[in-house]
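Here the structure is laid out as structure tokens; the discussion comes afterwards.
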Amino acid sequence: MGLLTFKGGIHPDDGKRFSKDQPIKALLPTGDLIYPLSQHIGAPAVPVVKKGDQVLKGQMIAEAGGFVSAPVYSSVSGKVKALEKHFNPTGTKVDCIVIQNDGEYQEAEYAPVKPLNEMTREEIISKIGDAGIVGMGGAGFPTRVKLSPKDADKIEYIIANCAECEPYITADYRRMLEYTEDLVSGMRVILSLFPNARGIFAVEDNKKDCIQKLQDAVSEEPKMDVKALMTKYPQGAERQLIYAVTGRAINASMLPADAGCIVDNVETLIGIHNAVINGKPLMERVVTVSGDAVTEPGNFLVPLGISHKELIEAAGGFTEEPEKLISGGPMMGFAMVTLDAPVTKTSSSLLAFKEDIVKKSPETACINCARCVDVCPSRIIPSRLADFAKRQDEASFVAWNGLECVECGSCSYVCPAKRQLKQSIGSMRKIALANRKKK
């Protein structure tokens, strides 16, 4: 049987050799912790502490600001130093809570947990929502909302996104190897909510050790399977993953639930395990620190709120001053303007490169080669959509299915003219979506 995949996509240098063999190291912070109130899609969290308050590790410091929102918890014990604006990893100044770490890590007392089989559906979903779990692969959608579709009986597949197709990032890879049981436990929790669903661990075939370990772990789980995916970018994009695993196609106007699917990232599933089985809120995550400008690339289990500067120090510093810093992967991540930004719930990696290749590649005229069309996983025409975007022709952009773009960057990667197709299309797509909401 052939490997599961989709049409289109690219094969960039994955860069995973820098950090894939580095076990996860726990890292304790030395400086202040900064917690943005917006670490998720939806309404910002609302502070429930004030300057001067003493807090414990695991104590809620900001509550959900609405139905589509998520609370924030302190990952250390200490004193609330300030409520003020700071840069987040994307370079935007946002409202934050600053906590001065006392280095003692005194932990809050958590509510007692019940065995999973004694909990109601409402109790499980409430535990996940109260713990502040969001999509930790980058989207940041509150998991409580995702696990509350209109009709739970119509959900047929719970897909664990174990692809990690983004180059350089190996955080999920190490999680799968080192926290296999926690990952399977998280899937078990979700399956308890959906009586007609099967759990699928979808793993790219360049992670054969993970495939084997997961197969061993689910061998006695009647409702779980492991599926091998072709190694290709963007295999982990939600729509492409659903199509590869189930053969069902969804578009920009649909949700995965419309195709009977729910997709969750590796880190999210482990967060669900910690919340429901251990009764602990979301306070930490694994982050990859890599790139050719990093002295000792690795994978670090870090408390949320820690500075990216401390991540670089933990990785031995820079071999030379990098020209490019990226939060997330090189294809879909964000260029960073400062290392004085905190790790958030959606921070998967910090990459540092000696050269800014994109900056040194001047854009020239389109030669109509159609390479962008060949690789586009959404089966649209990036070169034409970029022209519409450049002319601010929103009507034509929408008519030519510009909203179907998943902003994976495959088109920009293969373009011989070095056109910034993804950036142009992405900007116009955001404008079109914003205008659609106004109507």
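Results for (1) in a loop (DSSP other than H, G, I, E, B); (2) in the same structural domain as G328 (by the TED database); (3) crowded, with 24+ Cβ neighbours inside 10 Å, shown as yes or no for each residue.
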site	(1), (2), (3)
I159	no, no, yes
E164	yes, no, yes
Y173	no, no, yes
L183	no, no, yes
M187	no, no, yes
F201	no, no, yes
K213	no, no, no
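Name the residues in segment 241-255 that are open to solvent by 20 Å² or more (accessible area, probe 1.4 Å), of a type outside the set (S, T, Y) and closer than 22 Å to L183 by Cα, would you?
Selection gives V245 alone.
Consider A152 carefully, then state whether it is open to solvent by 10 Å² or more (accessible area, probe 1.4 Å), closer than 21 Å to G305 by Cβ and among the hydrophobic types (A, V, I, L, M, F, W, C). It would help to see each step written out before you state the result.
Details: open to solvent by 10 Å² or more (accessible area, probe 1.4 Å): yes; closer than 21 Å to G305 by Cβ: no; among the hydrophobic types (A, V, I, L, M, F, W, C): yes.
Answer is no for this residue.
Say whether the condition of being within 29 Å of L351 (Cα to Cα), in the same structural domain as K345 (by the TED database), of a type in the set (D, E, K, R) and assigned to a loop (DSSP other than H, G, I, E, B) is met by at least one residue in segment 32-43.
So far as segment 32-43 goes, yes, one or more of its residues are within 29 Å of L351 (Cα to Cα), in the same structural domain as K345 (by the TED database), of a type in the set (D, E, K, R) and assigned to a loop (DSSP other than H, G, I, E, B).
Test each condition in (1) open to solvent by less than 60 Å² (accessible area, probe 1.4 Å); (2) in contact with a strand residue (DSSP E or B) (Cβ under 7 Å, 6 or more places away or on another chain) for L421 and report the one that comes out false.
For L421, the failing item is (2).
Taking interchain pairs and intrachain pairs at least six residues apart, which have beta carbon atoms under 6 angstrom, with the first residue in segment 96-114 and in contact (Cβ under 8 Å) with a residue 60 or more places away in the chain and the second open to solvent by 60 Å² or more (accessible area, probe 1.4 Å) and of a type in the set (D, E, K, R)?
V98/K81; Q100/K79; Q100/K81
Determine whether segment 106-124 contains at least one residue that is under 28 Å from M336 (Cβ atoms), open to solvent by less than 10 Å² (accessible area, probe 1.4 Å) and among the aliphatic types (A, V, I, L, M). Can you show your working first?
From segment 106-124, those under 28 Å from M336 (Cβ atoms) are none; that's our starting set.
No - not one qualifying residue is present in segment 106-124.
Given the condition part of a strand (DSSP E or B), hydroxyl-bearing (S, T, Y) and either in contact with a Ser or Thr (Cβ under 9 Å, 6 or more places away or on another chain) or at pLDDT 95 or above (or both), answer yes or no: does some residue in segment 232-243 qualify?
Yes: segment 232-243 contains one or more residues that are part of a strand (DSSP E or B), hydroxyl-bearing (S, T, Y) and either in contact with a Ser or Thr (Cβ under 9 Å, 6 or more places away or on another chain) or at pLDDT 95 or above (or both).
Take the conditions open to solvent by less than 20 Å² (accessible area, probe 1.4 Å), under 21 Å from the mean Cα position of the chain (by Cα) and within 22 Å of E204 (Cα to Cα) and apply them to E238. Does it pass?
Numbers: open to solvent by less than 20 Å² (accessible area, probe 1.4 Å): no; under 21 Å from the mean Cα position of the chain (by Cα): yes; within 22 Å of E204 (Cα to Cα): yes.
Taking the combined requirement at face value, the residue does not satisfy it.
The values are calculated or read from the model by the stated rules, or taken from the named source; none is laboratory data. From a predicted model like this one, the values you see are computed outputs, not experimental measurements. Don't worry about glycine lacking a Cβ; one is built from the backbone with ideal geometry, like all the others, and counts go over all protein chains shown. All accessible areas refer to the heavy atoms of the entire protein, side chains included, with ligands and DNA or RNA removed. Shrake-Rupley method; radii C 1.70, N 1.55, O 1.52, S 1.80 Å.
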